[in-house]
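Peer 1: I'd like to ask some things about the structure below.
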Amino acid sequence: MRKDKKQVIGEEIGDEQIKLFLAVEPADATPPSLHKLIKAYRGLRVDDFERFVAFFVAAGYDLDAKDDKGQDFVALIRDQRQAPPYIEVIEAARG
């Protein structure tokens, strides 16, 4: 990169862009709530994911949705390196 170019990492995302993750629907039998959480986890930084979870809960989606094997969002991501702060967000939202 040239010295006169500033590297931009992770620009701010607006609320409307975050809310787009609420519109994502599964193409299989995955519960819509679980699918939305997974997509948001994969696509958002933890601060943005926290904002997403507030919109998610306000829209009436289920933080405890489980797949056909009985695993919820936390169980699905628990073994991933970047998961701990995302799990904290979910646990805080659950109360």
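Peer 1: How do 78, 45, 51 line up, fewest other C-beta atoms within 10 Å first?
Peer 2: In increasing order of surrounding Cβ atoms, one gets 78, 45, 51.
Peer 1: Out of every Cα pair in segment 15-94, what percent are spaced more than 18 Å from each other?
Peer 2: Values: 1030 of 3160 pairs.
Summing the P(r) of segment 15-94 above 18 Å gives 33 percent of all pairs.
Peer 1: Continuing with this model, one more query. Just want the ordering: 19, 39, 69, from fewest to most Cβ atoms lying within 10 Å of their own Cβ. All intermediate terms of the calculation are to be shown ahead of the outcome.
Peer 2: Numbers: 19 14, 39 18, 69 7.
Fewest to most other Cβ atoms nearby, the residues stand as 69, 19, 39.
Peer 1: Follow-up question, since we're still on this one. Counting each DSSP H run of 4 or more residues in the chain as -39500 (n - 2.57), what helix-only mean residue ellipticity at 222 nm follows after dividing by all residues, to the nearest 500 deg cm²/dmol?
Peer 2: On the way: 5 runs with 47 residues, N = 95.
That calculation yields -14000 deg cm²/dmol at 222 nm.
No value in this document is a laboratory result; all are computed from the given coordinates. Here the structure is a predicted model, which means the values were calculated and not measured. In this analysis, Cβ positions are derived from the backbone assuming ideal geometry, glycine residues included, and neighbour counts consider all displayed protein chains.
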